[in-house]
Amino acid sequence: MKAKMNAVARKRHGMSPSGPLSYAGRLLLIALPMLALTYAIFGDAWAPTLPSLPLTFTILPFVIWTALRFGWREVTALNALVCIIAVWHTIEGRGPFASAPLGTSLLLLLAFMGTVIFTGLVLNTVVGERGRAFEALAQALKTLKEEAIRDPLTNLYNRRFLRDYLSRELLRAAREGIRVAVIMIDLDRFKRVNDTAGHAAGDLVLTEIATLLKRHIRGTDIACRYGGEEFTLVLPSATLQSARSRGEAICSAIREEGVQLMGVTASLGVAIFPDHAAEPESLLRAADKALYDAKGRGRDQVRIFARGTAKISSFRAKTAKRAHA
């Protein structure tokens, strides 16, 4: 359906899926037989072998095809040429209408021209409206899709997108033999901001954090709002050292923005695929455990996932988080 919408949109702008040359070629392919047939019918090319009056109806399929496949300029131009050929031959005393009395001849000619013009332009208008409806629907679907994967407050990707993206990225990393880093970020004592300054101030802090994160990621990285005051970064093709450096830079930047962020700091946990986990959920849990380790060790720091201390750190950090978040 999406491909069909794109094709309709290209057609309404005078383009085909194959490009402008293909479009011009198809226009020429329909125009030449259409004009040649009109010339033959009104020029009595078949007379006296065949009666030319019934043959005038053979032009209509070309008119309909043109209206369905091309824009209104092309339809108008071809219809005008057909009518000019018909008028010229009728005035010269040739064609299916010339043998009738003058009044009847003019009425038949006007009826023919009206049929050609009405069929072509009205049908083309209907197709155009349908094309615009498809374009509007495609844009609406695009907007809905974007809203479904974005956090409305920060405009970062949401958790739904994160899980889908991380699954695809780990499959690609496994094929190519590269690493993928995940950084979990949790704002320290963020609840205090909401309690003392209100939720509007808390929302402002979250949007400022989102802006800061965007400044610290590459074009291949993604930043997500994981939920509440938690954020997640996915860094494809990142080493453990580069992920640590990125985390420390973010931690330092948040600390330096203290006044603007109302004194909020951040604790960060880093986990690497495939060193620490081979599955998306396991990798997120590993980064989360490293985050809790950072919380338990005093907050405002970056910790790397370590299997031996994961359970102890998680328990200690969760306890501290409940007490001081």
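For this structure, a couple of remarks:
- Inter-site label distance for residue 159 and residue 281 at 7 Å from Cα along Cβ, in nm: 1.3
- Cα shape, region 111-232, gyration tensor, a/c 1.5 rule: oblate
- Pairwise Cα separations in region 159-324 fall into 5 Å bins from 0 onward with the following percentages, short to long: 2, 9, 19, 22, 21, 15, 8, 3, 1, 0.
- For residue 157, nonlocal amide neighbours, meaning residues 5 or more places apart or on other chains whose placed amide H falls under 5 Å from its own, are 151, 223, 225.
- The alpha carbon convex hull volume per residue for region 178-246 rounds to 77 Å³.
- Amide H contacts of residue 265 (H built 1.01 Å from N, under 5 Å, at least 5 apart or other chain): 188
- Alpha-carbon Debye profile of region 209-280, log10 I(q)/I(0) at 0.17, 0.21, 0.23, 0.24 Å⁻¹: -0.66, -0.98, -1.15, -1.24
- Virtual spin-label span in nm between residue 29 and residue 176, 7 Å along Cα→Cβ: 3.9
- Residue 168 versus residue 133: modelled label distance in nm, points set 7 Å from Cα along the beta carbon direction: 3.1
- Note, ³J(HN,Hα) from phi for region 86-102, Karplus 6.51, -1.76, 1.60, rounded to Hz, x at Gly and Pro: 5, 5, 4, 5, 5, 4, 7, x, 10, x, x, 9, 6, 6, 7, x, 3
- Extents of region 54-169, taken as max minus min of Cα coordinates on every principal axis and listed largest first, are 79, 26, 18 Å.
Each reported figure results from applying straightforward, stated rules to the coordinates on display, with no laboratory input. Quantities reported herein were computed from a predicted structural model and do not represent experimental measurements. Using ideal geometry, Cβ is built from the backbone for each residue, glycine included, and neighbour counts are taken over all protein chains shown.
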